[in-house]
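The values are calculated or read from the model by the stated rules, or taken from the named source; none is laboratory data. Just so it is clear, the model here is predicted, and its values are computed rather than measured. As a convention, Cβ positions derive from the backbone with ideal geometry for all residues, glycine included, and neighbour counts pool all protein chains shown. These area figures cover heavy atoms from the full protein model, side chains too; ligands, DNA and RNA do not enter into them. Shrake-Rupley method; radii C 1.70, N 1.55, O 1.52, S 1.80 Å.
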Amino acid sequence: MIQLIRGFKDILPGEVELWQHIEAVARALFADFGYREIRVPLVEKTVLFSRGIGEETDIVEKEMYTFPDRQGETITLRPEATASVVRAYIQHKYYAADPMQKFFTIGPMFRRERPQKGRYRQFYQINVEALGIAEPFIDVQLIHLLVTLLGRLDVTDATPHINSLGCPQCRPFFRDALLAYIEARQDLLCSDCRRRSRRNPMRVLDCKVPGCREAMAGAPAITDHLCDDCRAHFDTVRDRLAAMGIDYEVDKRLVRGLDYYTRTTFEIHTAALGAQSAVAGGGRYDGLVEMLGGPPTAGIGFAVGFDRLAEIVALQQKDYSRPPRLFIAALGPAAQTAAFGWQTALGLAGIPVEMDYADRSLKAQMRRADRLNAANVLIVGDNELAAGEAMLRHMASGDQVPVGLAGLVETLKTRLAAAGG
RNA sequence: GUGGGUGUAGCUCAGUUGGUAGAGCACCGGGUUGUGGCCCCGGUUGUCGUGGGUUCAAGUCCCAUCACUCACCCCA
């Protein structure tokens, strides 16, 4: 038997309907706010990600699926979507005609991590990106969209955590202050933190090791070191969120793993998935367009972890399946032939109908109708084809299923109840 | 990359100090029935994850390996 690759998974019928539901809710919401779908390739030149995400991130250093194609060029399965969307924005010169562009995209990403709950090597994200809008309104809108999306999916325990990472003007001052603080407490930190303190001291802030948390409790907060512009931006975001009635928490430990983030960052966590608690996250990346070769352009976006979101929504145990409206239990060769014709006609009329393609016992066919959760069952023998035709006309002409037509059709539940439980 | 747990039928699992592989559900056929639920009878399904080793004998003990899973790490 050939098995699928470690960390990859099948999304089977039954689960797919839930994914479709989530997608439909997301698409409708984004469309209502003027976000347009963009579909970008799954494979890009490696340099797009190494430059966009950051050479020294874990993603680029050890998690990307990178390989040479036949001509020897090094290409990579996309580990995230933002870099590709920004690349498309630059390549198609959106900045020239109208720099303000709002996109969304939904699709698979690839990272070679060790699989665990809510984490796969091929995972799906819902991405929203807004380019060319520097004003804090858009930060607020994205957080609002995220909260609304989760709300419409009945995800309740989701509060946005927000922070500001500052900008290239003010972050160096904070970084210095943080480094000084960390260096004074080197021996209190775990080995991971001592290692990463040099390269990315901000990551020490969100280390989960108790000793580190303790040692970092009094660490300087980025929000105390923001320049005037960044401070004003962050204050406006907070004011507008409050004005919209969105509950949020300022989390000064909130830093993000990708190098391109600036100013506003946000995450949404949930307790439903154990350690993989982040279900969505995003932030502003005002330098990224320029870094990838475009003109200086503001940018902000978020990603929703689709797999995790689907697992959370699945906990609600709602039924998104679309069972057949009718099951035709045909007894005898003539009835089978007629039933096949009816299934075709009703299917073309938009009414999903199931049947056994084999002339099996009524018991076997009824079991299958039950398993498929068919709304109605038509039992028809070789001598009852005329009644079946009448049934067909009724169903094809309107939504109403005539119950009890010639005694042939009844809902399963009615029949079972009549049989006396 | 590191650590823990788990691998036996389609599913959930049992399997004693090592002695020829089991149950329930599901599936298929039949009986009963107002041709169906319930009930009754019968039947199919396994390279016991894989490969080695110990042994007269391994699902069981040992080693390796793979997969799944949870956590670390990282991230959404």
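What to note about this one:
- Extreme residue, surrounded by the fewest Cβ atoms within 10 Å (Cβ to Cβ), among residues of segment A:346-368 that are within 7 Å of RNA strand B (Cβ to nearest atom) and in a helix (DSSP H, G or I): A:LYS363
- Only one of the listed residues (A:ARG112, A:ARG70) is under 20 Å from the mean Cα position of the chain (by Cα), part of a loop (DSSP other than H, G, I, E, B) and either farther than 29 Å from A:ALA272 by Cβ or near RNA strand B (Cβ under 9 Å from one of its atoms) (or both). That residue is A:ARG112.
- So A:GLY211, is it modelled with pLDDT under 75 and either out of contact with any Lys or Arg (no Cβ under 9 Å at 6 or more places or on another chain) or assigned to a loop (DSSP other than H, G, I, E, B) (or both): yes
Let's see how each residue does on (1) more than 21 Å from A:GLY282 (Cβ to Cβ); (2) touching a Leu at 6+ places or on another chain (Cβ under 7 Å):
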site: A:ILE90; (1), (2): no, yes
site: A:ILE106; (1), (2): no, no
site: A:ILE138; (1), (2): no, no
site: A:SER191; (1), (2): yes, no
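- Boolean, A:VAL128 is modelled with pLDDT under 95, in contact with a Gly (Cβ under 7 Å, 6 or more places away or on another chain) and of a type in the set (A, V, I, L, M): no
- For A:LYS93, the conditions (1) over 18 Å from the mean Cα position of the chain (by Cα); (2) open to solvent by less than 70 Å² (accessible area, probe 1.4 Å); (3) away from RNA strand B (no atom under 16 Å from the Cβ) are fulfilled apart from (2).
- If the condition is being within 13 Å of RNA strand B (Cβ to nearest atom), open to solvent by 10 Å² or more (accessible area, probe 1.4 Å) and within 15 Å of A:VAL85 (Cβ to Cβ), then segment A:288-324 contributes only A:ALA303.
- For first residues located in segment A:148-177 and under 30 Å from A:ALA219 (Cα atoms), partners that are of a type in the set (Phe, Trp, Tyr) and surrounded by fewer than 20 Cβ atoms within 10 Å (Cβ to Cβ) and lie 6+ apart or on another chain with Cβ distances below 9 Å form the pairs A:THR159/A:TYR248; A:PRO160/A:TYR248; A:HIS161/A:TYR248; A:ILE162/A:TYR248; A:GLY166/A:PHE173.
- Count of segment A:40-90 residues, restricted to those that are open to solvent by less than 20 Å² (accessible area, probe 1.4 Å), without any contact (Cβ under 8 Å) to a residue 60 or more places away in the chain and of a type in the set (Gly, Ala, Ser), is 3.
- Only one of the listed residues (A:ALA184, A:ALA217, A:ALA243) is open to solvent by 60 Å² or more (accessible area, probe 1.4 Å), closer than 23 Å to A:VAL147 by Cβ and more than 16 Å from RNA strand B (Cβ to nearest atom). That residue is A:ALA243.
- Flag for A:ALA338 being at pLDDT 80 or above, of a type in the set (A, V, I, L, M, F, W, C) and either out of contact with any Cys (no Cβ under 9 Å at 6 or more places or on another chain) or not in a loop (DSSP other than H, G, I, E, B) (or both): yes
- A:ALA280 being outside any helix (DSSP H, G or I), within 11 Å of RNA strand B (Cβ to nearest atom) and open to solvent by 10 Å² or more (accessible area, probe 1.4 Å): no
- Criterion violated by A:GLN317 - all others in (1) touching a Gly at 6+ places or on another chain (Cβ under 7 Å); (2) free of Cβ contacts under 8 Å to residues at least 24 places away in the same chain satisfied: (1)
- Enumeration of residues in segment A:218-231 that are assigned to a loop (DSSP other than H, G, I, E, B) and either touching an Asp or Glu at 6+ places or on another chain (Cβ under 8 Å) or under 16 Å from A:VAL250 (Cβ atoms) (or both): A:ALA219, A:PRO220, A:ALA221, A:HIS225, A:LEU226
- Here A:THR148 fulfils each of the conditions (1) modelled with pLDDT of 95 or more; (2) within 16 Å of RNA strand B (Cβ to nearest atom) apart from (2).
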